[in-house]
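Visitor: One structure follows; several queries about it will come next.
Computed from the coordinates by the stated procedures, all read-outs in this text should not be read as laboratory data. Since this is a predicted model, take the numbers as computed values, not measurements. Backbone-built Cβ (ideal geometry, glycine too); neighbour counts: all protein chains shown.
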Amino acid sequence: MTLCVFEDDFVPHLAPLASTRPAFDLRLAARTLLETIRDAIPHDALALVVRSSLAGVTAEAHPEARLGAPETAALWVSGRFVAHDGPALNAIRRLAADALPRALVFDGHVVAAYAPAASTLKSLATLPAEALDSAHLIGRLWDFNAVLRDALAADLPRFVANASGHPGLHPSAIVANLAQVHLGTSARVFPGAILNAEAGWIVLDEGAEVHEGAVVRGPVYVGKGSQVKPLGFVEGSAIGPGCKIGGEVHSSVFLGSSNKGHSGFVGNAYVGAWCNFGAGTDTSNLRNDYREVEMFDREDGAYAPTGQQFIGLIFGDHSKCGIGTTFNTGTVVGVGCNLYGAGFHDRHIPDFSWGEPGAYVPYRFDKFIRVAEAVYQRRGRSMSDAERTLLKHLAEHRLAYP
């Protein structure tokens, strides 16, 4: 069976995180949305339907998949679907087994469909429909914050606890509840580090490191090659590959190749790839009056209630901030920003903005791309033509200041 994972018309609500990648490549915890779908639904081939602007970067990221609608009958699944066990996933599996043209719909959105050959995203809406009582779709930026703990609980037990006697675990490290600790190949825990897995699993993937005096309180995932720096504190978070984490990080997601290597607090945040935080950067995740947090939805062009009390920062790919930067509760920073200066920054900052609070100007693309390419080179990588083309497109179509 061919599994076709698709982006729908609601995906723009997930900008800026989904401006530089398909929505299904966003990380829930140890896995992305796409990985949860692939793991949950047996299939022989994979097809991906994405926005035309993302075709190049998607083809590079997923050489194993067909780009575009499949030529044969296939099971189509929304790339915004959180494929954790439950009635909706069971219904999708039954749909695949029946192999009859039909769509599963929740709250007006097609969650999944079994569609004949030569189907299109538009034609899914014409199939006989069955309403689902519930289904978990990521629809807004703040949904990632709401699902993080459940995603950690679903992902981390998939690893096998093997820390006992692991050569990477220093004898002076303190470990509580070793049965819920996994150290991948070449992962290391340095002298004096503390791993407390009493409240949830701790997974250090291949080559991950927890340095001297750092504290990690589960549930936590630390991705391949990532580091928790000396005296750092990480709790209830998912850190993607190739990150450097210092200071305090609480209930947050880092996509990958991003650095918060110094002091400062980041809580209930979602940080894109290739980002950097200056020393002492702090993000608020709770209003002083304890009221519900509102957050800017770029597609609607307005602030919207999140239904949540704890919401921190959304930080788009390739964005950076200087030392001592402060962000207010529920701030959304776009792609490719360079921010600095005293005081709280605006709670919505468009893509490719440069400056300090109250004095933003467009970040010249030639200057931005020189920095981005230098950052890649520091990691032994080079930027592909598809990545550069996408970033240039975003810079040329950036939104005006609110």
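Visitor: As an exercise: evaluate Ser319 against (1) of a type in the set (Ser, Thr, Tyr); (2) under 16 Å from Leu141 (Cβ atoms); (3) more than 18 Å from the chain's Cα centre (by Cα) and give the number of the one condition it does not meet.
Guide: Checking Ser319 against (1) of a type in the set (Ser, Thr, Tyr); (2) under 16 Å from Leu141 (Cβ atoms); (3) more than 18 Å from the chain's Cα centre (by Cα), the one that fails is (3).
Visitor: Considering only residues that are closer than 20 Å to Ala146 by Cβ and of a type in the set (S, T, N, Q), look in the stretch 1-56 and name the one that is farthest from the chain's Cα centre (by Cα).
Guide: Thr36
Visitor: Oh, and also: Take the stretch 109-143 and flag every residue that is more than 15 Å from Leu75 (Cβ to Cβ), free of Cβ contacts under 8 Å to residues at least 40 places away in the same chain and under 25 Å from the mean Cα position of the chain (by Cα).
Guide: Once the filter is applied, which keeps residues that are more than 15 Å from Leu75 (Cβ to Cβ), free of Cβ contacts under 8 Å to residues at least 40 places away in the same chain and under 25 Å from the mean Cα position of the chain (by Cα), the stretch 109-143 yields only Asp143.
Visitor: Another question about this same structure. Here are Asp155, Asp133: which of them is closer than 30 Å to Arg38 by Cα, in a loop (DSSP other than H, G, I, E, B) and among the charged types (D, E, K, R)?
Guide: On the way: Asp155 fails: in a loop (DSSP other than H, G, I, E, B).
Step by step, each of Asp155, Asp133 is checked, and only Asp133 is closer than 30 Å to Arg38 by Cα, in a loop (DSSP other than H, G, I, E, B) and among the charged types (D, E, K, R).
Visitor: Taking only the stretch 169-198 into account, find how many residues are outside any loop (DSSP other than H, G, I, E, B) and in contact with an Asp or Glu (Cβ under 6 Å, 6 or more places away or on another chain).
Guide: 2
Visitor: While we're on this one: Conditions: (1) touching an Asp or Glu at 6+ places or on another chain (Cβ under 8 Å); (2) not in a loop (DSSP other than H, G, I, E, B). Ile369 meets all but one. Number of the miss?
Guide: So the condition that Ile369 fails would be (1).
Visitor: Okay, moving on. Is it fair to say Leu104 is crowded, with 16+ Cβ neighbours inside 10 Å and touching a residue at least 24 places away in the same chain (Cβ under 8 Å)? Steps first, please.
Guide: Details: crowded, with 16+ Cβ neighbours inside 10 Å: yes; touching a residue at least 24 places away in the same chain (Cβ under 8 Å): yes.
The answer is yes for Leu104.
Visitor: What number of residues in the stretch 375-390 are part of a helix (DSSP H, G or I) and of a type in the set (S, T, N, Q)?
Guide: Counting residues in the stretch 375-390 that are part of a helix (DSSP H, G or I) and of a type in the set (S, T, N, Q) gives 2.
Visitor: In this structure, does Ser284 turn out to be surrounded by 23 or more Cβ atoms within 10 Å (Cβ to Cβ) and not aromatic (Phe, Trp, Tyr)? Don't jump to the end; show me each part of the working.
Guide: On the way: surrounded by 23 or more Cβ atoms within 10 Å (Cβ to Cβ): no; not aromatic (Phe, Trp, Tyr): yes.
Here the answer is no, as Ser284 does not meet what is asked.
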